[in-house]
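Notes follow the structure.
The values are calculated or read from the model by the stated rules, or taken from the named source; none is laboratory data. None of these values were measured; they are calculated from a predicted model. Counting neighbours? That spans all protein chains shown, and the Cβs are built from the backbone with ideal geometry, glycine included. Accessible surface is based on the protein model in full, side chains and every heavy atom, while ligands, DNA and RNA are left aside. Shrake-Rupley method; radii C 1.70, N 1.55, O 1.52, S 1.80 Å.
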Amino acid sequence: MGSAVGEDLLAAGRHVLWASSGRSAETTARAEQAGLEDAGTVEELARRSELILSICPPHAALDVAHSVAGFEGIFVDANAVSPATAREIGAAIGGRFVDAGIIGPPPRGAGTTRLYLAGADAEDVATLFQRTNLEARTISNEPGTASALKMAYAAWTKGTAAMLIAVRALARAEDVEEPLLEEWRLSLPELIERSGSAARSADRKGWRWVAEMEEIASTFAAAGLPDGFHRAAAEVFRRVEAGVR
């Protein structure tokens, strides 16, 4: 997602930097393919930037913010974190902060992906994305609301994916997977492809979704709602990561 957003901004005429220090060969290859300029270190990137866009696995979001604490430009956190974590990130930055949530796939074409923004500088950030494939939408001046929207959306999309993976695992454990699939063909045919798609996506990206499910669970708990659904979903994705089905 990060390299795709960077490439999209670059195509719109923006100057886009990234920092290679401590990053993997795979990340480096994606950044180079996207044509991003390597600033070397996070410190150098912060020195040369007017805006920092953080797109990383949710478990790393706070560490990224702490690494540039005191940044004088606009820091945009576009990670799948709870409203409380988003506000903690804003406090860690200690300056101009915009809370954001990305919904959709990496923006390779127009009309597929939205960037929801919340914060006093949200409109300035939205302007940055003019003429890009990523549709920026300001929804509030209050940081945390964009993350709340992302949490609510992913609670359904990835939460139901975890449930389908668990249902198939139960059916296999009880040796009724084929009869279940046959019944789905008769009554809920869309679930066959959805469950297969959920398993394939979890194989590729489930390791990122463990922390995301935990952030969603915390969001539910903070709203006084049961959080067990998504703590269980985190465990499902944790088992997929470990190769346990």
Across the range 226-241, in residue order, what do the Karplus-derived ³J(HN,Hα) couplings come to in whole Hz, using 6.51 cos²θ - 1.76 cosθ + 1.60 with θ = phi - 60° and x for Gly and Pro? x, 9, x, 3, 8, 5, 5, 4, 4, 5, 4, 5, 5, 5, 4, 4
Note: probe point = Cα of residue 63 + 7 Å toward Cβ; backbone nitrogen < 14 Å; residues of the range 202-232 passing the test are 208, 211
Degrees between helix 2-11 axis and first principal axis of the chain (Cα, 0 to 90, nearest 10): 50
Kindly identify the range 183-230 as rounded, prolate or oblate by the Cα gyration tensor criterion: order the square roots of the eigenvalues as a ≥ b ≥ c, call it rounded if a/c is under 1.5, otherwise compare a/b with b/c, prolate if a/b is larger, else oblate. oblate
Taking the Cα-to-Cβ direction at residue 47 and at residue 130 and moving 7 Å from each Cα, how far apart do the two end points lie in nm? 3.2
Dividing the alpha-carbon radius of gyration of the chain by 2.2 N^0.38 Å, where N counts its residues, gives 1.08
So how far apart, in nm, are the two label points at residue 10 and residue 110 if each is 7 Å from Cα heading toward Cβ? 2.2
Working with all protein chains in place, sort 178, 212, 183 by solvent-accessible area computed with a 1.4 Å probe, largest first. 178, 183, 212
Pick from 223, 31, 69: which is most flexible by mean-square fluctuation in a GNM of the chain where alpha carbon atoms under 10 Å apart are linked? 223
Rounded, prolate or oblate: which fits the range 17-82, taking a ≥ b ≥ c as square roots of the Cα gyration tensor eigenvalues, rounded meaning a/c under 1.5, else prolate when a/b beats b/c? oblate
Using a simple charge model, +1 on the beta-carbon of Lys and Arg, -1 on the beta-carbon of Asp and Glu, nothing else, what dipole does the range 1-133 show about its Cα centre, in debye to the nearest 20? 280
Most positive-pole-ward Cα, 201, 169, 113, against dipole of the range 110-205 from beta carbon charges: 113
